[in-house]
Amino acid sequence: MAGEELATAMGFGALGAFIAAFFIIFLIVAIALYVYSALALMAIAKRTKTENGWLAWIPIGNLVLMANIAKMHWWPVLLIIGLFIPIINFFAMMALAVFVVIWLWKICEARGKPGWWAVLTIIPFVGSIWMLIMMGILAWGE
C-alpha cells in the first residue's frame, strides 16, 4: 500500500513539475511578445511622428496610441468597459476588433503599405503570426 501511495505522489509531483515548466515557458514567451509589440508600436509612432509613443507599454494606452497613429478618435477604447458586462461583452469585443482593424488599416497606409494587410489579422491562428510580422515591417521596414 505504501508503494502505491508513493507512486501516486510521484506521479502528481511529475505532473505538477510539468505544469509549472509549461507555465514558466508560456510566461517567458508572453513577456517577449509584449516587449516586441511595444517596441514595434513605439517605432511606428516615431516614424509617423506621433506623440506619446511611451503609451505602447501601457495595456490600454497602446490602443489609444494606435488610434492616434491612425489619426482617428480614441473613444472606441472605452468599449473595453463593455467586456466586463455580461451579454454585452461579445458585442463590445466584436466592435473593438472592428475598430482595431480599421486603425491598423490606417496605420498601414500611413507607413506606405497596403491597407488590406490589416484585414489579414482576423484570420484565425494565422492572423496573430501575421500581426507580429506586419508590426515588424511597419516599424523597421522601408
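Quick note: the coordinates plus some simple rules give every number you see, no bench work behind them. Note that the coordinates shown come from a computational prediction; the quantities given were computed from them, not determined experimentally. Cβ coordinates were reconstructed from backbone atoms using ideal geometry, including for glycine residues, and neighbour counts include every protein chain displayed.
Points worth noting:
- Sparse packing (at most 11 other Cβ atoms within 10 Å of the Cβ) combined with a DSSP loop state is found for the following chymotrypsin sites (Phe, Trp or Tyr not before Pro) in segment 61-142: Phe125.
- Burial ordering of Ile44, Ile24, Ile107, fewest other beta-carbon atoms within 10 Å first: Ile24, Ile44, Ile107
- Helix 126-140 and the longest principal axis of the C-alpha atoms of the chain enclose an angle of approximately 50°.
- Look at Met93, Met66, Met42 and count the other Cβ atoms within 10 Å of each Cβ; fewest to most, that gives Met93, Met42, Met66.
- From its DSSP helices (H runs of at least four residues, each -39,500 (n - 2.57)), the chain gives a residue-normalised ellipticity at 222 nm of -23000 deg cm²/dmol.
- Among the listed options (i) 9.2; (ii) 11.7; (iii) 8.7, the one matching mean projected area of the Cα convex hull in nm² as calculated from these coordinates is (ii).
- Exposure proxy order (Cβ contacts within 10 Å, fewest to most) of Glu51, Glu109: Glu51, Glu109
- Cβ-based charge dipole, the chain, positive-most Cα from Leu27, Val101, Thr50: Thr50
- For Met72, the amide hydrogen comes within under 5 Å of no other amide hydrogen, counting only partners 5 or more places away or on other chains and with H modelled in the peptide plane.
- Estimated FRET transfer efficiency (Glu51, Leu132; beta-carbon r; R0 22 Å; 0.05): 0.30
- Our estimate of slack between Phe125 and Leu83, defined as 0.36 nm per intervening residue step minus the Cα-Cα distance, is 12.9 nm.
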